[in-house]
1. Working only within region 84-108, note down all residues that are of a type in the set (S, T, N, Q) and either in contact (Cβ under 8 Å) with a residue 24 or more places away in the chain or touching a strand residue (DSSP E or B) at 6+ places or on another chain (Cβ under 9 Å) (or both).
2. Out of everything in region 31-47 that is within 15 Å of A14 (Cα to Cα) and either among the small types (G, A, S) or outside the structural domain of L12 (by TED's automatic domain parsing) (or both), what residue ends up being surrounded by the most Cβ atoms within 10 Å (Cβ to Cβ)?
3. Would you point out which residue out of E115, E52 is among the charged types (D, E, K, R), surrounded by 11 or more Cβ atoms within 10 Å (Cβ to Cβ) and either under 31 Å from the mean Cα position of the chain (by Cα) or closer than 27 Å to R6 by Cα (or both)?
4. Which residue is nearest to I97 (Cα to Cα), if the candidates are limited to region 108-159 and must be in a loop (DSSP other than H, G, I, E, B) and aliphatic (A, V, I, L, M)?
5. Restricting the first residue to region 72-83 and requiring it to be closer than 17 Å to V121 by Cβ, which pairs with a second residue that is surrounded by 10 or more Cβ atoms within 10 Å (Cβ to Cβ) and modelled with pLDDT under 95 meet a Cβ separation below 8 Å and a spacing of at least six or different chains?
6. Within region 21-30, track down each residue that is surrounded by 13 or more Cβ atoms within 10 Å (Cβ to Cβ) and either β-branched (V, I, T) or within 23 Å of V7 (Cβ to Cβ) (or both).
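The values are calculated or read from the model by the stated rules, or taken from the named source; none is laboratory data. Nothing here was measured: the structure is a model prediction, and the numbers come from that model. Please note: Cβ atoms are built from the backbone with ideal geometry, for glycine as well, and neighbour counts cover all protein chains shown.
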Amino acid sequence: MMDAFRVWLMGLMAVALILTVLSSVLPEGSVKKIAGVTGGLVLLMVILQGAERLDLGKLQLSYDDYSRQINEQIKAFQEKNCRDMDLLIQERCSAYISEQAQTFGLVCSPQVETEQTEEGVFVPVSVTMDIPYHAGLSQIVAEDMGIDAQHQKWLTSEG
């Protein structure tokens, strides 16, 4: 494809150069006008010949391939963004619960699970705690995180 374009461009430049030389060499008058019209027709033929050689079917296929690749890449980026957002929300919620536990003198590493809403937002739905049940922390998790007691799993249950 590139070689054909190069050959066409060289031919176009050659015709343009010949027409320029003829235009400067020929004397003013009807001969120069006829040569100008003839030269214009030859130049038009060279341009059309190059357009005829173009395979627009391949060009369309190439566009379709690029469009498909772009759409696949966009989908992959959106999926990765979704996974990253889910992980970030889980980590931030776990960190918040750990900070609240420290106010009670507790050390824990909670595991928060999230679900995606219809709007595409990830919300915490359950938490697994690696410490025994603590009523104050359970209440904070329920009030601040929206995770009710049924979705809180503790190392040991309420006594």
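1. Step one: filter region 84-108 for residues of a type in the set (S, T, N, Q), giving 90, 94, 98, 100, 102-103.
Q90, S94, Q100, listed by residue number.
2. We begin by selecting, within region 31-47, every residue within 15 Å of A14 (Cα to Cα); these are 39-47.
From what's left, either among the small types (G, A, S) or outside the structural domain of L12 (by TED's automatic domain parsing) (or both): 39-40.
Values: G39: 17, G40: 11.
Filtering region 31-47 for residues that are within 15 Å of A14 (Cα to Cα) and either among the small types (G, A, S) or outside the structural domain of L12 (by TED's automatic domain parsing) (or both), the one surrounded by the most Cβ atoms within 10 Å (Cβ to Cβ) comes out as G39.
3. E115
4. Of the residues in region 108-159, the ones in a loop (DSSP other than H, G, I, E, B) are 108-110, 117-121, 129-134, 146-148, 154-159.
So of that shortlist, the ones also aliphatic (A, V, I, L, M) come out as 121, 129, 131, 147, 155.
Numbers: V121: 20, M129: 10, I131: 12, I147: 11, L155: 15 Å.
Here the answer is M129.
5. C82/Q116
6. So the first thing to find is which residues in region 21-30 are surrounded by 13 or more Cβ atoms within 10 Å (Cβ to Cβ), and the list is 22, 26.
Residue satisfying the conditions is L22 alone.
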